[in-house]
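A short worksheet on the structure shown next.
The values are calculated or read from the model by the stated rules, or taken from the named source; none is laboratory data. None of these values were measured; they are calculated from a predicted model. Here the Cβ positions follow ideal geometry from the backbone for every residue, glycine too, while neighbour counts run over all protein chains shown.
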Amino acid sequence: MMEVLSYGIGTLIAFAIVLVVFFVFISDITQKKHGVLRNYPVVGHLRYFFEQLGEYFRQYFSSGDREEMPFNRATRAWVYRLAKNEGGTIGFGSTYDLHQPGALIFVNHPFPVLEEERLPTPALALGEGYCKEPFVGRSIVNVSGMSYGAISAPAVRSLSRGAAVAGCWLATGEGGSGAVPQALADHMSLSIDEALPRVVDALIETGLKQRVRVVASGKIVTSARAAWALCAGQIGTDLIFLICK
């Protein structure tokens, strides 16, 4: 009796699989949206399956620590460690390529300031001498606007509480998703690496450097990038928004 029952269940499962494959086959050869499925019915779905998985295979098996965009694995790992209060110290050297054009290299100071001799960063006034009530920013590093609707409520609360502890701004305006046509995303405007120095140079040339404050954001995640932005902005005269996307 059990053998008959087992044989009957196996037959039903096989028959159901055949029906599903037949339905997919008919659907593929009659649809007019995907040429791959029309020319290779049923098996053509493997193409889209592996294409979807390709992102994850590249991330964990192919891409190096510094190859991914917009934020590579090394940068993400640094953020994760700090978020978990594990510190930003790493061992066995760095994977950062110091020989690439534009690489950031900081010169050692012969007489660095001791911890007990450090002074707090002075507040930065916006509009001082040019408006009736200038705004004073307590921090030169802040949290930029982003797509708050795309992240969870606990994440927004965490950003708010972190900004309160750090004594910095949290831009409450929606920063947008950055969704634009591919051609514009690839070839329009300049990255912050080229744009920030050019803007500062233009302000110096026109004599507006002391009057205009520069607000910059865009992949300024690590402290090294923030230090570069401060140097490019002539140190201490610019507001740098730390983007957290």
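Could you identify the single residue in Tyr96, Tyr130 that is in contact (Cβ under 8 Å) with a residue 24 or more places away in the chain and not assigned by TED's automatic domain parsing to the domain that holds Val156?
Of Tyr96, Tyr130, the one residue that is in contact (Cβ under 8 Å) with a residue 24 or more places away in the chain and not assigned by TED's automatic domain parsing to the domain that holds Val156 is Tyr96.
Look at region 132-151 and say how many of its residues are modelled with pLDDT of 85 or more and either more than 26 Å from Pro120 (Cα to Cα) or touching a Lys or Arg at 6+ places or on another chain (Cβ under 8 Å) (or both).
Looking only at that region, the number is 1.
Quick check on Ala164: is it of a type in the set (A, V, I, L, M), out of contact with any His (no Cβ under 7 Å at 6 or more places or on another chain) and modelled with pLDDT of 85 or more?
Yes: the conditions hold for Ala164.
Within region 111-120, can one find any residue that is loosely packed, with under 10 Cβ neighbours inside 10 Å, outside any strand (DSSP E or B) and in contact (Cβ under 8 Å) with a residue 24 or more places away in the chain?
no
Considering only region 194-221, state which residues are modelled with pLDDT under 85 and not aliphatic (A, V, I, L, M).
Those that are modelled with pLDDT under 85 and not aliphatic (A, V, I, L, M): Lys209, Gln210, Arg211, Arg213, Ser217, Gly218, Lys219.
Give the residue, chosen from Ser27, Ser63, that is at pLDDT below 90 and of a type in the set (S, T, N, Q).
Ser63
Among helices (runs of 4 or more DSSP H) lying entirely in region 1-71, which contain 1 or more residues that are more than 25 Å from Ala179 (Cα to Cα) and of a type in the set (Val, Ile, Thr)?
Per the criteria, 2-30, 35-39.
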